Amino acid sequence: MTFIIDEEWANRPVLSYLKSKLKISSAALAALKRDEYGITVDGKHVTVRHMLRAGESLSINEKDSPNDVNETIEPSPISINILFENNDIMVIDKPAYMPTHPSHNHHYDTVANAVAHIYNERGLPLVFRPMGRLDRNTSGIVVLAKNAISASFLSYSRRHEMIQKRYLALVCGRLDSHGEMQVIDTHMKRSADSVIMRCVTDEADEGAMHAVTHWKSLYTSDEISIVEAIPKTGRTHQLRVHFAHIGHPILGDDIYGCASPYIGRHALHAAMLSIPLPYSEETVTFRSNIPDDIKSAFLKLTGVEINNAIINKGEICS
């Protein structure tokens, strides 16, 4: 990864460029400093104290080494849909029922296993860096950072709300936003009697974390509503907890609502992701088509087919 120094950064140390311009984390910076070829200027190794000059070529080694590899992730030849890939990120359209990470009873059927197989075929070491995690039964877009440098940039972007996610959910009952974006603003924590469940709680409670969701209804009926949901914070199970909290659990959510005969999972889909490409001036948007099981459940409940007109002229989905 190479950058040509312009006048703005002349007479400033490499450290300033790495931290202020590239948003490199302390951990990634420490790894670069340990690497003999981690930081070079015009092909020569330098320390972070080197004073930059306009026109110099600053290079940082973003490649993972075999020592960094996630050895516990077994490669599995699972087919996954890659929406986009460059040297810094990989964007995946995750199907329902596929976990993101290996866990108990899911050692070989996850996104991580599929990506490990791809990397193995390419002869590359894998460090699995998903920028956020979707539940096993939530479908849609997952973005992976392909190196520690891009991971630093994306973490910074997420903290500063430069990354936007939009979800599509079927929720039980009539939920009408009257054309306006609504807000669910609570605190959440882990339920006392479960390692999985989360609950809404008071701000003063131990473990309470602020959780904010913006939402808007795209279609509503007595049986079911389609909502667009934008989590402004990233709490575990946030959307599922929030819609259950206001009395409209996500259809099929057997933890925070109840199972449904119309769909075998909670009807939640990560439909859109807008993200700045690391170290470019470009922001790109990715969309994931509405899964067939969500379309089918809606059709059975309403007799209406989900289409672009219903979901707000395709604002969040293609």
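Values in this text are rule-based calculations from the coordinates and carry no lab data. Please read all numbers here as calculations on a predicted model, not as lab measurements. FYI the Cβ positions are ideal-geometry reconstructions off the backbone, even for glycines, and counts take in every protein chain you see.
Charge tally around residue 62: other residues with Cβ under 10 Å, Lys/Arg +1 each, Asp/Glu -1 each, net 0. The slack in the chain from residue 208 to residue 65, taken as 0.36 nm per residue of separation less the alpha-carbon distance, amounts to 47.6 nm.
Please label the shape of the range 154-283 as rounded, prolate or oblate, based on the square roots a ≥ b ≥ c of the eigenvalues of the alpha-carbon gyration tensor (a/c under 1.5 means rounded; beyond that, a/b larger than b/c means prolate, else oblate). Oblate is the answer for the range 154-283, as a/c is 1.5 or above yet b/c matches or exceeds a/b. Residues within the reach of a label modelled at residue 196 (point 7 angstrom out along Cα to beta-carbon, backbone nitrogen below 19 Å), restricted to the range 79-120, are 96-111. Dipole of the range 206-283 computed with +1 at Lys/Arg Cβ and -1 at Asp/Glu Cβ about the Cα centre; of 264, 278, 238, farthest Cα towards the positive end is 238. In a reduced charge model with +1 at each Lys and Arg Cβ and -1 at each Asp and Glu Cβ, the range 127-224 shows a dipole moment near 780 debye about its Cα centre. Using the Karplus relation 6.51 cos²θ - 1.76 cosθ + 1.60 with θ = phi - 60°, the per-residue 3J(HN,Hα) values for the range 157-166 come to 4, 5, 4, 9, 6, 8, 10, 10, 10, 10 Hz, with x marking Gly and Pro.
Tell me what the chain gives for mean residue ellipticity at 222 nm when only DSSP H runs of n ≥ 4 count, each as -39,500 (n - 2.57), the sum divided by the residue total, rounded to 500 deg cm²/dmol.
Numbers: 5 runs with 52 residues, N = 318.
About -5000 deg cm²/dmol.
Given Cβ point charges of +1 (Lys, Arg) and -1 (Asp, Glu) and nothing else, what value in debye, to the nearest 20, does the dipole of the range 159-297 about its Cα centre take? All intermediate terms of the calculation are to be shown ahead of the outcome.
Values: 14 positive and 18 negative charges, 58 e Å.
Taking the Cα centre of the range 159-297 as origin, the dipole is about 280 debye.
Out of 137, 99, 302, whose Cα points farthest toward the positive end of the dipole of the chain (charges: +1 Lys, Arg; -1 Asp, Glu; placed on Cβ)? Farthest along the dipole direction, towards plus: 99. At residue 246 and residue 108, where each label point lies 7 Å from the Cα along Cα→Cβ, what is the point-to-point distance in nanometres? Output for this residue pair reads 4.4 nm.
Summing +1 for each Lys or Arg and -1 for each Asp or Glu among the other residues whose beta-carbon sits under 13 angstrom from that of residue 268 gives +1. For a test of the definition: using alpha carbon positions, the gyration tensor, and the 1.5 limit on a/c, classify the range 55-95 as rounded, prolate or oblate. It is oblate, given that a/c is not under 1.5 and a/b is not larger than b/c. In a reduced charge model with +1 at each Lys and Arg Cβ and -1 at each Asp and Glu Cβ, the chain shows a dipole moment near 440 debye about its Cα centre. Close amide-amide hydrogen proximity is noted between residue 94 and 140, 141, 142, each under 5 Å apart and 5 or more residues distant or on a separate chain (H modeled in the peptide plane; Pro and chain starts excluded).
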